[in-house]
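Q: I have a structure here, written as structure tokens, and I will follow up with some questions on it.
Here, each number is a calculation from the coordinates, and none is a lab measurement. Please read these numbers as outputs of a predicted model, since none were measured by experiment. Cβ placement follows ideal geometry from the backbone for every residue including glycine, while neighbour counts extend to all protein chains displayed.
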Amino acid sequence: MDRVSSEEGGTVNTVDTGSEALLVVDDLVKWFPLTRGIIFKKHIGDVKAVDGVSFRVKKGETHGLVGESGCGKSTTGRAILRLHEPTSGHVFFEGRDVIAMSKKEMRAVRRDMQIIFQDPYASLNPRMTVRDIITEPLVIHQIGDNKARKDKAKELLEVVGLNPEHANRYPHQFSGGQRQRIGVARALALDPKLIIADEPVSALDVSIQAQLVNLLMDIQQEYGIAFLFIAHDLAVVRHMASHVSVMYLGHIMETGTRDQIYGAPQHPYTQALLSAVPVADRVVERNRERIVLEGDLPSPAEPPSGCVFRTRCWKAEEICAVETPELKDMGGGQMVACHFPETRSVLTVSGASTA
Amino acid sequence: MEEVGSVTVADIPSHQQKVGEVLLEVEDLSVDFKTDAGVVKAVQSVSFTLHAGETLAIIGESGSGKSVTAQAIMGIVPSPPGVVNAHAIRFRGQNLADLTEKDRRKVRGQEIAMIFQDPLTSLNPVYSVGKQIGEMFRVHRGASRKEATEAAIELMEQVRIPEARLRVGDYPHQFSGGMRQRVMIAMALSLDPAVLIADEPTTALDVTVQAQIMELLGSLQEEHNMGLILITHDLGVVASVADTVQLMYAGGVVEKAGADDFYEAHAHPYAEGLMRSIPTLIGEDERLIPIEGAPPSLIRLPPGCPFNPRCPYVTDRCRTEKPLLRSIAGYAGLVACHNAEDVRSAKVGGGGGSGE
């Protein structure tokens with residue numbers, strides 16, 4: 001199985017033949033109903049957490065899904081796995097629509113789609129040993145006998161850089177970074193084709209975070225697993241992903257290769273987001289141009305008409321309130337949902353050459 | 001190789017051009033927490049000086065003692081289990097330890113104010129924000145209810161909360177995270193403090209909001225000529241605003257320098273490790289070089305240098321003798337490392353961070 005070479009992230013032609021797409025998310029919608037009253041729950045509206053999201057992830061590629069809190073990135077990840085049942089839309093995994101599947105079929109597909117959660121403290125059962133946690137997926141899917149599972153646990157602990165001797169320990173005996181490694185080992189247990197990683201390194205200190213980032217990259221290289229990497233940290237995503245989608249208020253604003261998004265962003269929101277990320281360099285910080293967005297994120301229960309970003313956009317005109325911009329191909333696979341797209345490189349700073 | 005005692009070191013040439021009045025002097029501060037498992041040495045002999053108009057960034061990862069340092073200055077370390085020991089914590093020359101709790105309370109809030117990471121848990125959900133901001137005036141200045149409300153509106157305008165007059169009666173849950181943090185800043189500034197301590201003020205916020213809040217803090221500091229202590233784990237957030245940087249690890253200060261020197265040159269292996277661990281938005285997308293291992297338990301600190309189990313430059317001396325902050329040739333900062341010269345020359349020779 002060939003992998004997407006990460007060195008060529010920027011130049012690879014991204015026009016999909018369809019056959020190499022592992023995951024195709026098509027117009028995915030997840031609304032959470034708002035109700036009033038206790039007995040007669042009157043439906044008074046919806047929180048439009050995810051409102052028509054489409055993107056695709058190729059085999060062995062890391063696709064970054066970035067955005068600020070409340071943009072719907074985590075809900076998207078969960079809706080793909082049907083941990084939140086989507087309101088509408090399609091999710092094709094290896095060409096088959098996951099949303100239309102029966103429970104039984106779904107269970108089989110879940111072998112190939114795993115998830116890693118943000119909080120390494122809440123996502124591991126404190127009363128199970130590490131071995132039980134890691135081999136639980138094998139038990140559920142009735143794979144191997146006891147001996148084989150034990151060996152597998154040992155092997156996986158080694159893969160994620162933990163001491164296999166510690167398989168009998170409990171989660172509280174591990175640090176945050178080590179627990180996240182346990183989560184990774186569990187996700188790997190069934191040899192999945194896709195791992196949805198929901199802010200997997202956000203809760204960790206930088207020195208530990210770097211260890212996990214490297215581990216995830218090694219695993220991907222080694223096993224050719226595709227990642228949907230959900231994160232708010234654009235710098236981490238730049239390291240991990242070959243393709244990136246930027247979300248805002250339930251919509252995808254821009255999607256493209258890593259170099260397109262970071263080097264030549266065309267959507268005003270992508271530009272604002274990139275310009276706001278702090279960089280640990282005085283020269284860069286002092287000289288860079290910073291786009292400071294006015295106002296607050298609108299409520300996803302009452303999103304603005306037309307383009308959802310228009311209330312904070314310095315380019316907004318009348319048409320933005322009337323017509324929702326569709327994702328348009330701007331060339332090279334870079335898709336932008338904006339009436340006035342324009343390339344603006346916000347990260348190039350004069351005099352900033354050193355790393 | 002002149003050794004400098006950690007107590008007397010406070011002034012670093014590069015931030016001396018910013019000569020304001022000395023506001024805060026912390027000398028040899030230590031904080032222990034006595035727990036059933038043992039004594040947690042949260043802070044160990046930390047010293048620094050803060051001038052008016054200066055921004056001091058205290059940087060460190062979880063458990064480094066940066067927040068406890070701030071709590072000790074404020075006098076809000078829970079006791080028991082906390083035990084604060086300091087040679088002196090002086091505000092405008094007055095040792096705070098000599099004050100009665102009543103006088104101390106006057107300093108706290110009026111002279112030294114603090115904002116916290118999580119604005120939602122720091123605000124009272126059942127009172128309107130106007131009432132909470134105004135209460136400062138009612139309690140400390142004896143203002144009437146009407147005066148307090150007017151003052152609250154003025155402060156809300158100052159921290160740029162839009163439509164302050166309309167929103168003064170709103171409750172905390174009706175504000176976004178960024179706006180709540182503005183409310184917290186308004187409360188902290190209400191009595192025009194000389195020193196503002198901001199403990200991870202933007203950590204809970206999104207990057208675009210983070211940028212707004214940092215900008216606000218920066219301009220307010222300039223207006224009021226405050227001494228500002230920014231406590232953070234994020235080297236990026238404070239890069240543009242800090243004048244002085246104090247890097248903490250396992251309860252102690254490992255490096256202290258003017259911000260320009262620190263970001264350009266830093267000489268402690270931990271500082272170097274941190275810088276290399278940060279994924280960057282700019283420049284070559286190199287493989288990250290993490291710091292191996294994990295921070296030590298504060299109950300059982302390793303002998304010698306607390307960083308020695310993770311340090312690539314470790315020598316036998318590091319395992320037995322705890323390094324003190326000292327100055328080294330060719331660097332304007334102070335470093336608590338026996339091998340800082342080697343770290344420096346390795347970096348200069350190896351060429352800016354390129355891996356092998």
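Q: Does the stretch B:40-130 classify as rounded, prolate or oblate by the C-alpha gyration tensor (a ≥ b ≥ c root eigenvalues; a/c under 1.5 gives rounded; else a/b over b/c gives prolate, otherwise oblate)?
A: Rounded, since a/c falls under 1.5.
Q: Same structure, new question: Pull up all non-local amide H partners of B:GLY252: gap of 5 or more, or a different chain, and H-to-H distance under 5 Å with H placed in the peptide plane.
A: Placed amide hydrogens put B:GLN44 under 5 Å from B:GLY252.
Q: Which value in Å does the Kirkwood hydrodynamic radius of the stretch B:101-201 take, with 1/r averaged over all unlike C-alpha pairs and then inverted?
A: Evaluated over the stretch B:101-201, this radius sits at 13.4 Å.
Q: Among B:MET184, B:ASN225, B:ILE328, whose Cα lies farthest out toward the positive end of the dipole of chain B, if unit charges sit on the beta carbon of Lys, Arg (+1) and Asp, Glu (-1)?
A: B:MET184
Q: Give the lysines reachable from A:LYS152 as a straight Cα distance under 20 Å; neighbours fewer than 8 places away on the same chain don't count.
A: Filter leaves A:LYS193.
Q: Sticking with this structure for a sec: Can you list the HN-Hα couplings for the stretch A:179-190, worked out from phi with the Karplus curve (6.51, -1.76, 1.60; θ = phi - 60°), rounded to whole Hz and with x for Gly and Pro?
A: Couplings: 5, 5, 5, 4, x, 5, 4, 4, 5, 7, 3, 9 Hz.
Q: A further question on this structure: Over chain A, what is the relative contact order in percent, taking alpha-carbon pairs closer than 8 angstrom and at least six residues apart?
A: Dividing the mean separation by the residue count of chain A yields 20 percent.
Q: Based on the Cα gyration tensor of the stretch A:261-354, what are the three equivalent ellipsoid semi-axes, each the root of five times an eigenvalue, rounded to whole Å and given largest first?
A: 27, 17, 10
Q: For the stretch B:172-177, take each phi angle, set θ = phi - 60°, evaluate the Karplus expression 6.51 cos²θ - 1.76 cosθ + 1.60, and give the result in whole Hz per residue in order, putting x for glycine and proline.
A: Computed from phi, the couplings for the stretch B:172-177 are x, 5, 7, 9, 6, x Hz.
Q: Sort out for me the Cα centre separation of the stretch B:75-151 from the stretch B:241-292, rounded to whole Å.
A: 33 Å
Q: To make sure I understand the rule: partners must be lysines, Cα under 20 Å from the Cα of A:LYS42, and not fewer than 8 residues away in the same chain. Which ones qualify?
A: Partners found: A:LYS30.
Q: Count the net charge of all other residues whose Cβ sits under 14 Å from the Cβ of A:ARG238, scoring Lys and Arg as +1 and Asp and Glu as -1.
A: Value of the local net charge: -3.
Q: So what's the stretch A:153-290 giving for Cα Rg divided by 2.2 N^0.38 Å, two decimals?
A: 1.21
Q: Still on this structure, please answer the following. Enumerate by residue number the GluC sites (Glu not before Pro) in the stretch B:144-222 meeting two conditions: DSSP loop (anything except H, G, I, E, B), and at most 14 other Cβ atoms within 10 Å of the site's Cβ.
A: Details: sites: B:GLU147, B:GLU150, B:GLU154, B:GLU157, B:GLU163, B:GLU215, B:GLU222; in loops: B:GLU163.
The qualifying sites are B:GLU163.
Q: Same structure again: So what's the angle, to the nearest 10 degrees on a 0 to 90 scale, between helix B:340-350 and the longest Cα principal axis of chain B?
A: Helix B:340-350 and the main axis of chain B meet at about 80 degrees.
Q: OK, next. Over 14 Å apart: what share of the alpha carbon pairs of the stretch A:214-291 falls there, rounded to a whole percent? Each step should come with its number before you reach the end.
A: Working: 1978 of 3003 pairs.
More than 14 Å apart: 66 percent of the Cα pairs in the stretch A:214-291.
Q: What does the helix-only formula give at 222 nm for chain B: each DSSP H stretch with n ≥ 4 adding -39500 (n - 2.57), the total divided by the residues, and the result rounded to the nearest 500 deg cm²/dmol? Please report the intermediate quantities before stating the final value.
A: Details: 12 runs with 117 residues, N = 356.
Rounded to the nearest 500, the figure is -9500 deg cm²/dmol.
Q: For a test of the definition: using alpha carbon positions, the gyration tensor, and the 1.5 limit on a/c, classify the stretch B:265-356 as rounded, prolate or oblate.
A: Oblate is the answer for the stretch B:265-356, as a/c is 1.5 or above yet b/c matches or exceeds a/b.
Q: How large is the dipole of chain B about the Cα centre if only Lys and Arg carry +1 and Asp and Glu carry -1, each at its Cβ, rounded to the nearest 20 debye?
A: 1160 debye
Q: I'd like the orientation of helix B:101-110 relative to chain B: the angle between its Cα long axis and the longest Cα principal axis, in ° from 0 to 90, rounded to 10.
A: Once rounded, one gets 90 degrees.
Q: From Cα pairs below 8 angstrom and at least 6 apart in sequence, can you work out the relative contact order of the stretch A:183-305, rounded to a whole percent? Walk me through the numbers before you get to the answer.
A: Details: 105 pairs, mean separation 20.4, N = 123.
17 percent.
Q: Does the stretch B:241-314 classify as rounded, prolate or oblate by the C-alpha gyration tensor (a ≥ b ≥ c root eigenvalues; a/c under 1.5 gives rounded; else a/b over b/c gives prolate, otherwise oblate)?
A: Because a/c hits 1.5 or more and a/b fails to exceed b/c, the stretch B:241-314 counts as oblate.
Q: Out of all Cα-Cα pairs in the stretch B:47-86, roughly what percent, to the nearest whole number, are more than 12 Å apart?
A: Working: 526 of 780 pairs.
That fraction is 67 percent.
Q: Mean-square fluctuation check for chain A, GNM, Cα pairs under 10 Å: which of A:ASP191, A:ASP112, A:ASP296 is largest?
A: Between A:ASP191, A:ASP112, A:ASP296, it is A:ASP296 that shows the largest mean-square fluctuation.
Q: Sticking with this structure for a sec: Using the Cβ atoms and a cut-off under 12 Å, what net charge is assigned to the surroundings of B:ILE299, where Lys and Arg are +1 and Asp and Glu are -1?
A: My count for the surroundings of B:ILE299 gives +1.
Q: So what is the diffusion coefficient of chain B in µm² per second by Stokes-Einstein at 10 °C and 1.306 mPa s, using a Kirkwood Rh over Cα pairs? Please list the in-between numbers first.
A: On the way: Rh = 21.4 Å.
Calculated translational D: 74 µm²/s.
Q: What are the radius of gyration and Dmax of the protein assembly as shown, computed over its Cα atoms and given in Å?
A: Rg then Dmax for the protein assembly as shown, in Å: 26.5, 79.
Q: I would also like to ask the following. I need two numbers for the stretch B:161-203: Rg to one decimal and Dmax as a whole number, Cα atoms only, in Å.
A: My reading of the Cα-based Rg and Dmax gives 11.4, 30 Å.
Q: Now, a different point. State the number of lysine pairs found in chain B whose Cα atoms come within less than 17 Å, restricting to pairs 8 or more positions apart or on distinct chains.
A: Counting lysine pairs in chain B gives 6.
Q: Please list, ordered by chain and number, the residues whose modelled amide H lies under 5 Å from the amide H of B:LEU23; skip anything fewer than 5 residues away on the same chain.
A: Sorted by chain and number, the residues that satisfy this are B:LEU50, B:HIS51, B:ALA52.
Q: Under 5 Å between amide hydrogens, which residues at least 5 positions from A:GLN114 or on another chain qualify, with H placed 1.01 Å from N in the peptide plane?
A: Correct list: A:LEU194, A:ILE195, A:ILE196.
Q: Could you tally the net charge around B:GLY330, taking each other residue with its Cβ under 9 Å from the Cβ of B:GLY330, Lys/Arg +1 and Asp/Glu -1?
A: Local charge sum for B:GLY330: 0.
Q: Direction-averaged shadow area of the convex hull around the Cα atoms of chain A, nm²?
A: Mean projected area for chain A: 20.4 nm², to one decimal.
Q: Would you kindly derive the ³J(HN,Hα) couplings of the stretch A:141-149 from the backbone phi angles with the Karplus curve 6.51 cos²θ - 1.76 cosθ + 1.60 (θ = phi - 60°), listing them in order in whole Hz, with x for Gly and Pro?
A: Listing the rounded values in order: 8, 6, 10, x, 9, 3, 4, 4, 5 Hz.
Q: With springs connecting C-alpha atoms under 10 Å apart, model chain A as a Gaussian network and identify which of A:ASP151, A:ASP259, A:ASP198 has the largest mean-square fluctuation.
A: Top of the fluctuation ranking is A:ASP151.
Q: Can you put B:VAL139, A:VAL284, B:VAL40 in order of Cβ neighbours within 10 angstrom, beginning with the fewest? Please list the in-between numbers first.
A: On the way: B:VAL139 12, A:VAL284 25, B:VAL40 21.
Sorted ascending by nearby Cβ count, the order is B:VAL139, B:VAL40, A:VAL284.
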